[in-house]
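Shown next, in structure tokens, is the structure this report addresses.
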Amino acid sequence: MQLKYVGPKPIISHKGIDFDKNKEDKFVYINIAVQLIKALDHDYFEDKAYTYNTDSAELNEEEIFHHLKRYCPDIESIMDKKNHDIEEETNEYLKRADANKVLNDENRQTLKSNIEIMHDYIVQRSINKSVYYASIEALANLVKEDHLDYIITPMYNKFAHVLHSVQGVLAKQKTPIDTDMEVYKEDGQLLVKLNVTSNLQ
């Protein structure tokens, strides 16, 4: 198993295979999550702000995996479990396609073939998604454990998406951590800020 980009969510039917461009592969956000983890993983001193160069080169798949293993020691078991789960799910899709009484034999066979064609694609997307959420958990843990007051990033879609995911994880803590996000302009640059408004843990 490995990490790699595959593409948007497939829409599979007996008529063919299409893709939902609005449901991007979570792989595209993993690099940002790992870069933010790296940026936040250090000692903090009161009343000091820290900056990180977001223009640094993107990490390749091996580098991402290497860093994730440091922050998510169980990443391989997470990937293994997701692989097992999605295999079972795919088998269920095939069983339902085979039992479909609305389709004739030819269309039923076409549907099954399309599912089989997309098997590896579906598995990889699912693994990428589980790894993304593992990286978000690690990022949220850093915010919580280091009692960070805020994170500011450029207002790019990928950064905003990652911060929004962190916001969701923090809200679901045993003792929820309240946050809000704001977009503002500074020195001609559009920025997004995740404010931690309560972090009592």
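Taking amide H positions as placed in the peptide plane 1.01 Å from N, state which residues far from THR179 in sequence (5 or more) or on other chains have amide H under 5 Å from it. The answer is THR197. Here are some pairs, LYS15/LYS101; LYS21/LYS69; LYS4/LYS193; which of them have Cα atoms lying more than 21 Å apart in this structure? Exceeds cut-off: LYS21/LYS69; LYS4/LYS193. A simple count of charges around LEU94, restricted to other residues whose Cβ falls under 9 Å of its Cβ and scoring Lys, Arg +1 and Asp, Glu -1, yields 0. If you roll a 1.4 angstrom probe over the protein chains with everything in place, what fraction of the accessible area of the chain belongs to carbon and sulfur, to the nearest %? Here it works out to 47 percent. Straight Cα distances below 13 angstrom link LYS112 to the aspartates and glutamates GLU92, ASP98, with same-chain residues fewer than 8 positions distant left out. A cut-off under 12 angstrom between Cβ atoms defines the neighbours of PHE65, and their net charge, with Lys, Arg +1 and Asp, Glu -1, is -1. For the chain, the relative contact order is 25 percent, taking Cα pairs closer than 8 Å that sit 6 or more residues apart in sequence and dividing their mean separation by the residue count.
Computed from label points 7 Å out along Cα-Cβ, the spacing between LEU103 and GLU58 is 3.4 nm. Amide H contacts for PHE19 (H built 1.01 Å from N in the peptide plane; partners 5 or more residues away or on another chain; cut-off under 5 Å): ILE11. With θ taken as phi - 60° and the Karplus curve 6.51 cos²θ - 1.76 cosθ + 1.60 applied, the whole-hertz 3J(HN,Hα) list for the stretch 97-114 is 5, 5, 8, 5, 8, 6, 8, 7, 4, 5, 5, 5, 5, 5, 4, 4, 5, 5 Hz, x standing for glycine and proline. Between TYR156 and GLU137, the simple label model (points 7 Å from Cα in the Cβ direction) yields a spacing of 2.7 nm.
The string of couplings for the stretch 23-39 from the Karplus curve (6.51, -1.76, 1.60, θ = phi - 60°) is 10, 5, 5, 4, 3, 5, 9, 5, 4, 5, 4, 5, 4, 5, 4, 4, 5 Hz, one whole number per residue in order, with x for Gly and Pro. Each residue of the stretch 143-153 was assigned a 3J(HN,Hα) from its phi angle through the Karplus expression (A = 6.51, B = -1.76, C = 1.60, θ = phi - 60°), giving 4, 5, 5, 8, 6, 5, 8, 6, 10, 10, 9 Hz with x at Gly and Pro.
Using the 1.4 Å probe convention, the accessible area of the chain works out to 61 Å² per residue with neighbouring protein chains retained. Helical content alone sets the calculated 222 nm signal of the chain at -17500 deg cm²/dmol, taking -39,500 (n - 2.57) per DSSP H segment of four or more residues and averaging over every residue.
What do you get for Rg/Rh of the chain when both radii come from the Cα atoms and Rh is the Kirkwood radius?
For the chain, the value is 1.06.
Using only the Cα atoms of the stretch 72-184, build the gyration tensor, take square roots of its eigenvalues as a ≥ b ≥ c, and label the shape rounded, prolate or oblate: rounded if a/c is under 1.5, else prolate if a/b is larger than b/c, else oblate. It is prolate, given that a/c is not under 1.5 and a/b is the larger ratio.
The values are calculated or read from the model by the stated rules, or taken from the named source; none is laboratory data. These figures come from a predicted structure and were not determined experimentally. Using ideal geometry, Cβ is built from the backbone for each residue, glycine included, and neighbour counts are taken over all protein chains shown. Please note that ligands, DNA and RNA were not included when accessible areas were found on the heavy atoms of the full protein model with its side chains. Shrake-Rupley method; radii C 1.70, N 1.55, O 1.52, S 1.80 Å.
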